[in-house]
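Asks: Encoded as structure tokens, here's the structure I'll be asking about.
Bear in mind that the values in this text are calculations on the coordinates, not laboratory data. For clarity, every value in this text was computed on a predicted model and none was experimentally measured. Reconstructed Cβ throughout: ideal geometry from the backbone, glycine too, with neighbour counts over all protein chains shown.
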Amino acid sequence: MGGTGSRLDRLACRGCGRDSEPDRLIGTCPECGQALFAEYRTDRFDARSWWASLGNRPWTLWRYREMLPVREEAAVTTLGEGCTAILPLPAVPGAEGVAVLLKDDGTMPTGSFKARGMAVAVSRARELGARALFAPTAGNAGIALSAYAARAGLGARVYLPAVGTEAVQAACRAYGATAVPVPGTIRDAGAAGRAAEAGSGAFEMSTLREPYRLEGKKTMGYEILEQLGPAVPEAIVYPTGGGTGLIGMFKAFRELRDLGLTDARPRFYAVQPEGCAPVVRALDHDAPRIEPWTDPVTVAPGLLVPAPFASERILEAVRESRGGGVAVSDRAIVEAMAWLATAAGISASPEGAAPLAALPELVRSGRIRAGERVLLYNTGVGSGFDVGRLRAALDARALDAPAHAGGRGRSTIVE
Ligand SMILES: Cc1ncc(COP(=O)(O)O)c(C=O)c1O
Ligand SMILES: [Zn+2]
């Protein structure tokens with residue numbers, strides 16, 4: 001075992017402009033409390049030769065190790081994550097003439113793209129001496145944290161919205177983690193977790209409150225370039241909750257351009273459910289920041305994020321890429337799950353099916369045009385979700401809905 005060759009240089013704060021030293025455990029900027037972003041040394045780096053040599057490496061996201069933060073191979077904690085398939089879809093109704101691809105992270109260890117971020121962040125926390133880790137979660141992040149912490153030999157505690165997460169709690173406990181149900185949304189779970197862990201010595205792994213989950217997620221963009229080469233799609237449609245997926249892919253394409261490996265500038269479209277769409281609302285209103293969404297409700301637990309942290313960075317990723325936001329109904333999400341399974345053989349969670357649900361609207365509004373290539377990102381597997389039960393729950397919600405609520409119904413979370 002030796003060094004990974006990581007070129008990690010510093011942690012940059014976009015809030016106050018101060019850099020932080022990366023080789024100690026650190027969450028957010030000590031000066032201003034905002035998110036920190038890893039920057040790499042690219043001087044005397046023959047990126048083209050590096051890129052050309054990747055083909056000889058194992059098919060995991062660690063093939064990009066020079067542009068990842070972990071320095072010692074011994075710290076790398078892996079379950080074989082990354083390098084998921086990109087599949088063409090059959091003709092999508094409402095998107096005639098558009099070449100539609102889907103990247104399938106439903107096949108990742110622990111069933112979702114959250115494994116990317118946790119593999120890298122747990123490895124790095126282990127390298128920097130953390131003994132125990134905690135995070136609030138809507139589900140998948142907690143399962144991934146529990147699995148990678150188990151593999152690293154670290155303790156893990158996850159704080160979850162109490163309603164509808166019973167199966168997730170069991171999955172986390174199966175990996176030996178402690179699962180703590182909290183009344184309310186992931187926001188409440190985050191506040192409760194931080195209060196309970198104050199002084200415990202455990203390291204917080206919340207989205208963008210530590211710098212390295214984002215680094216794992218950016219490998220989605222690296223893979224898209226490596227797998228599709230010059231045919232990078234013009235548009236990438238991505239389900240957005242906390243926003244790390246989008247910010248990570250935006251960072252990836254910026255780094256890949258800075259390394260001289262591509263000129264591609266895909267447009268990023270953030271998809272959110274109509275019942276919790278703070279990012280889409282801010283984009284629609286040209287707002288400088290994202291305001292918290294009140295009374296959130298959706299069938300997609302990972303998208304139930306009423307107040308994403310680092311919201312300016314989400315808006316930046318979408319705006320600078322010249323993309324946009326789309327809100328989709330829960331019913332469209334459930335029908336997209338059904339279509340992916342029956343017409344394409346692909347198992348998608350509600351979050352993972354949301355991009356397909358958004359595609360007809362993107363085409364109808366002219367934001368995606370015939371002749372373009374578009375990549376839909378399936379972020380998680382559909383096992384554990386029953387389309388029949390979801391349809392029935394939506395029917396019941398429609399019956400419940402007071403007329404003035406625009407059909408949204410009561411603020412219950414349908415699992
Ligand atoms: C399957 C799935 N997709 C998407 C998301 C949203 O991810 P992000 O935080 O990158 O916006 C989540 C978050 O929990 C998720 O579990
Ligand atoms: Zn700062």
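Asks: Which whole-percent values make up P(r) of the chain when all C-alpha to C-alpha distances are grouped in 10 Å steps starting at zero?
Replies: Going from the shortest bin to the longest, the percentages are 5, 24, 35, 26, 9, 1, 0.
Asks: Then there's this: Across the Cα atoms of segment 283-322, what radius of gyration and what greatest pairwise Cα-Cα distance (Dmax) are found, in Å?
Replies: Spelled out, the Cα radius of gyration and Dmax of segment 283-322 are 11.3, 30 Å.
Asks: Moving on to the next point. Could you list which residues have their amide H under 5 Å from that of residue 324, counting only those 5 or more apart in sequence or on another chain, with H placed in the peptide plane?
Replies: Answer set, sorted by chain and number: 268, 269, 270.
Asks: Next question. Read phi for every residue in segment 220-230 and hand back ³J(HN,Hα) as whole Hz from Karplus 6.51 cos²θ - 1.76 cosθ + 1.60, θ = phi - 60°, with x for Gly and Pro.
Replies: Here the 3J(HN,Hα) series is 4, x, 4, 5, 4, 5, 5, 6, 9, x, x Hz.
Asks: Taking amide H atoms as placed 1.01 Å from N in the peptide plane, list the residues 5 or more away in sequence, or in a different chain, whose amide H sits under 5 Å from that of residue 346.
Replies: 341
Asks: So in the chain, which Cys have no other cysteine's beta-carbon sitting under 4.7 angstrom from theirs?
Replies: Here 83, 172, 276 come out as lacking a disulfide-compatible partner, given the Cβ-Cβ threshold of under 4.7 Å.
Asks: A follow-up question, please. Would you work out which of 282, 321, 333 lies farthest towards the positive end of the dipole of segment 261-382, given +1 charges on the beta-carbon of Lys and Arg and -1 on that of Asp and Glu, about the Cα centre?
Replies: So the residue furthest toward the plus end is 321.
Asks: Starting with the highest mean, order 276-285, 355-364 by the number of other Cβ atoms within 10 Å, averaged over the residues of each peptide.
Replies: On the way: 276-285: 20.4, 355-364: 23.6.
Packing proxy ranking, top to bottom: 355-364, 276-285.
Asks: Suppose only helical runs count, i.e. DSSP H with n ≥ 4. What mean residue ellipticity at 222 nm does that imply for the chain under -39500 (n - 2.57) per run, divided by all residues and rounded to the nearest 500 deg cm²/dmol?
Replies: Values: 13 runs with 146 residues, N = 415.
Counting only the DSSP helices, I get -10500 deg cm²/dmol.
Asks: Scan around residue 72 for amide H atoms under 5 Å from its own, H built in the peptide plane at 1.01 Å from N, and keep only partners 5 or more places away or cross-chain.
Replies: 4
Asks: Can you give the direction-averaged projected area of the convex hull of the alpha-carbon atoms in segment 7-111, in nm²?
Replies: Values: hull surface 43.1 nm².
Average of the hull's projected areas for segment 7-111 equals 10.8 nm².
Asks: Take the alpha carbon atoms of segment 98-161, find their radius of gyration, then divide it by 2.2 N^0.38 Å using N residues; give the quotient. The partial results should precede the final answer.
Replies: Working: Rg = 13.4 Å, N = 64, 2.2 N^0.38 = 10.7 Å.
With N residues counted in segment 98-161, Rg over 2.2 N^0.38 Å equals 1.26.
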